[in-house]
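Asks: Take a look at this one; I'll ask things after.
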Amino acid sequence: MWGEIVPPKISIVFAYYSNPKMLGYQVEQFAKFDPAVLGQCEILVIDDASPSDPATDVVVGLTNLPLVVFRIDKDKSWNQDAARNIGAFEASGKFLLLTDIDHTVPEESMKALLAMGDTNRVHSLARKAHFSDKVVNSHANSYFMSKEKYWEIGGYDEDFWGAYGSDVLFRKRIIA
């Protein structure tokens, strides 16, 4: 049907906290993607109440990317779990790619994820790190899964805010 809006297949979710250089780099990398790949994705940046350099200031004027910024109002240290839950809730894609703001996802990885059929499994993946072509093995904060699976697992427990790291039991709930 003409004019029908097709939701993205993959929603890429990043928690952000006062890291304009890395967010700028992420945006530059996504801007290089083939439009056919990028057209099947949405990028959700959840600003975890950055006291300086809010994400909206970094991405202002970027209308060429399928990017949306949300902002948490209350600054609580290490609150990335709440940011991920917000991203998963707001995502319109059938699948979620959750990763850290300081890891870029190579276009080849996105193509492989887009080519996957429906899956009820959780996948962890390698990605490029910190302004380089260095490939990092799977990481405890980087997952690909259906949005349905994310909520079946229970999302992240937001009571873990305030400590470096994350909801360490999230991974155990995935395996269970």
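The values are calculated or read from the model by the stated rules, or taken from the named source; none is laboratory data. Computed from a predicted structure; not experimentally measured. Using ideal geometry, Cβ is built from the backbone for each residue, glycine included, and neighbour counts are taken over all protein chains shown. Only protein heavy atoms, including side chains, enter the accessible area calculation; ligands, DNA and RNA are left aside. Shrake-Rupley method; radii C 1.70, N 1.55, O 1.52, S 1.80 Å.
Asks: What are the ³J(HN,Hα) values, in whole Hz, obtained from phi via the Karplus relation 6.51 cos²θ - 1.76 cosθ + 1.60 with θ = phi - 60°, for each residue of the range 46-60 in sequence order, with x given for Gly and Pro?
Replies: For the range 46-60, the Karplus-derived couplings read 10, 7, 7, 6, 3, x, 9, 6, x, 4, 4, 5, 6, 9, 3 Hz, x marking Gly and Pro.
Asks: Additional query: Enumerate the calculated ³J(HN,Hα) couplings along the range 14-22 in order (Karplus 6.51 cos²θ - 1.76 cosθ + 1.60, θ = phi - 60°), each rounded to whole Hz, writing x wherever the residue is Gly or Pro.
Replies: 10, 7, 10, 8, 6, 10, x, 5, 6
Asks: Follow-up. Quick one: net charge around P66, please, counting Lys, Arg +1 and Asp, Glu -1 for every other residue with C-beta under 14 Å from its C-beta.
Replies: -2
Asks: Another one. Please list the non-local residues whose amide H lies under 5 Å from the amide H of I101, H modeled 1.01 Å from N, same-chain partners needing a gap of 5 or more.
Replies: Hits under the 5 Å cutoff: A15.
Asks: Rounded to the nearest 10 Å², what accessible area does F89 show when all protein chains are kept and the probe is 1.4 Å?
Replies: For F89, the solvent-accessible surface is approximately 140 Å².
Asks: Something else now. Largest first, how would K172, K111, K76 line up by accessible area (1.4 Å probe)?
Replies: Largest accessible area first, the list is K172, K111, K76.
Asks: Would you tell me the accessible area of D73, worked out with a 1.4 angstrom probe on the heavy atoms of the protein chains, in Å² to the nearest 10?
Replies: Per-residue accessible area (D73): approximately 140 Å².
Asks: Quick one: compute a quarter of the convex hull surface over the Cα atoms of the range 9-75 and quote it in nm².
Replies: 4.2 nm²
Asks: Tell me, how many Å apart are the Cα centres for the range 8-67 and for the range 85-117?
Replies: 12 Å
Asks: Continuing with this model, one more query. Using a 1.4 Å probe on the protein heavy atoms, what percent of the accessible area of the range 1-131 belongs to carbon and sulfur?
Replies: Roughly 56 percent of what the probe reaches on the range 1-131 is carbon or sulfur.
Asks: Hey, another quick one. Show me, for the range 77-93, the HN-Hα J-couplings you get by feeding each phi into the Karplus relation (A = 6.51, B = -1.76, C = 1.60, θ = phi - 60°), rounded to Hz, glycine and proline as x.
Replies: Couplings: 4, 6, 9, 5, 5, 5, 4, 5, 5, 4, x, 5, 5, 7, 4, 9, x Hz.
Asks: Of D159, D53, D100, which has the most accessible area and how do the rest follow, probe 1.4 Å?
Replies: Accessible-area ranking of D159, D53, D100, largest first: D159, D53, D100.
Asks: Amide H neighbours of L67 under 5 Å, at least 5 residues apart or on other chains, H built in the peptide plane: list them.
Replies: The list, which skips near neighbours in sequence, is I43.
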